[in-house]
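The values are calculated or read from the model by the stated rules, or taken from the named source; none is laboratory data. No experiment lies behind these values; they were computed from the predicted model shown. As a convention, Cβ positions derive from the backbone with ideal geometry for all residues, glycine included, and neighbour counts pool all protein chains shown.
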Amino acid sequence: MSTEARHARKILFALRVKAARQRKGISQSELAVLLDTGITRSGVAKWEVDSETAEPDFETLVQLADALGVTINYLLGLTERMEPERTIANLFPVDAMRQVPVLGTIAAGQPLLAVEEADETIALPADMLPSCDVFALRVRGDSMIDEQISDGDLALIERMPVVPDKTIAAVLVDDEATLKTIRYLDDHVVLMPANSAYRPMVYRPDEVRILGKLRMVVQQREG
């Protein structure tokens, strides 16, 4: 790559990081916290200016794109599409599919009853699924809309009893299921929505049961 091309790429990278961050509505400091990689606010600021600052390594770039809700290719100037495409099952050949049980309904809002017996299955691309136990829950409500999780979507969950902090997970509260970002704060479990119209829900650890980690959202389209 020529010096001119490398400089132009850095300019575009800087512009796109800043544009994506502002679109997300977060500050440079907030982005640094979201990345949780040791990067500081000044480090984020350097990405957003035309300078000789190197682009982040690939692992950090993956985390940056995920935090901003955009694709890596968008940040690198390889596409004009900002948002990642959602996986739609019928775009894959039948022999590459795996049947996943749909166990019931989960709330992206206030908790809703989830039935832990499959009443239907959905075919999903096998190479995108973990080899361990997975299941799907149908989303109801809009409390996770800022994470691009909408009413009627299917949430694919990897079954596990414990998830890391800041993970979107399916959780049972009083035998009712909800989909939220998990935070562990001051000996409490906080279920964080991704919609300012909803308030966080705070529980003692013994009041919640984690069903598993969100791995993928399958968009359900009308028609």
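Does any residue of the range 156-167 turn out to be out of contact with any strand residue (DSSP E or B) (no Cβ under 9 Å at 6 or more places or on another chain), among the basic types (Lys, Arg) and not assigned by TED's automatic domain parsing to the domain that holds Arg23?
Step one: of the range 156-167, the residues out of contact with any strand residue (DSSP E or B) (no Cβ under 9 Å at 6 or more places or on another chain) are none.
No, the range 156-167 has no match at all.
Assessment of the range 57-71 against the conditions (at pLDDT 70 or above, in the same structural domain as Gln148 (by TED's automatic domain parsing), outside any loop (DSSP other than H, G, I, E, B) and within 28 Å of Asp142 (Cβ to Cβ)) yields no matching residue. You will find that of Val171, Val208, the residue that is outside the structural domain of Val33 (by TED's automatic domain parsing), among the aliphatic types (A, V, I, L, M) and under 21 Å from Val102 (Cβ atoms) is Val171 and no other.
Pairs are defined by a Cβ separation below 7 Å, a sequence spacing of at least 6 or placement on different chains, a first member in the range 152-164 that is in contact (Cβ under 8 Å) with a residue 12 or more places away in the chain, and a second member that is of a type in the set (Lys, Arg); the pairs so defined are Leu154/Arg138; Leu156/Arg215; Ile157/Lys213; Ile157/Arg215; Glu158/Lys213; Glu158/Arg215; Met160/Lys213; Val163/Lys213.
Scan the range 170-181 and give yes if some residue there is modelled with pLDDT of 90 or more, surrounded by fewer than 16 Cβ atoms within 10 Å (Cβ to Cβ), over 22 Å from Glu30 (Cα atoms) and over 15 Å from the mean Cα position of the chain (by Cα), otherwise no. Don't jump to the end; show me each part of the working.
The initial filter retains those residues of the range 170-181 that are modelled with pLDDT of 90 or more, namely 170-171, 179-181.
Filter once more, keeping what is surrounded by fewer than 16 Cβ atoms within 10 Å (Cβ to Cβ): none.
No, every residue in the range 170-181 fails to be modelled with pLDDT of 90 or more, surrounded by fewer than 16 Cβ atoms within 10 Å (Cβ to Cβ), over 22 Å from Glu30 (Cα atoms) and over 15 Å from the mean Cα position of the chain (by Cα).
Give Arg81, Arg23, Arg138, Arg98 a once-over and let me know the one that is at pLDDT 65 or above, part of a loop (DSSP other than H, G, I, E, B) and not small (Gly, Ala, Ser).
On the way: Arg23 fails: part of a loop (DSSP other than H, G, I, E, B); Arg138 fails: part of a loop (DSSP other than H, G, I, E, B); Arg98 fails: part of a loop (DSSP other than H, G, I, E, B).
Every option except Arg81 fails the conditions.
Got a sec? Which of Leu191, Leu185, Leu179 is assigned by TED's automatic domain parsing to the domain that holds Val134 and touching a residue at least 40 places away in the same chain (Cβ under 8 Å)? Explain how you work it out, then say what you get.
Details: Leu191 fails: touching a residue at least 40 places away in the same chain (Cβ under 8 Å); Leu185 fails: touching a residue at least 40 places away in the same chain (Cβ under 8 Å).
The conditions single out Leu179.
Return the total of residues in the range 199-215 being under 18 Å from Leu137 (Cβ atoms) and either at pLDDT 90 or above or surrounded by 20 or more Cβ atoms within 10 Å (Cβ to Cβ) (or both).
Looking only at the range 199-215, we keep the residues that are under 18 Å from Leu137 (Cβ atoms), and these are 201, 208-215.
Now narrow it down to the ones that are either at pLDDT 90 or above or surrounded by 20 or more Cβ atoms within 10 Å (Cβ to Cβ) (or both): 201, 208-214.
Qualifying residue count, the range 199-215: 8.
Only one of the listed residues (Asp133, Asp206) is over 23 Å from Ala67 (Cβ atoms) and without any contact (Cβ under 8 Å) to a residue 12 or more places away in the chain. That residue is Asp206. Only one entry of Lys18, Lys46 meets the criterion of being farther than 25 Å from Glu147 by Cα and modelled with pLDDT of 75 or more, and that entry is Lys46.
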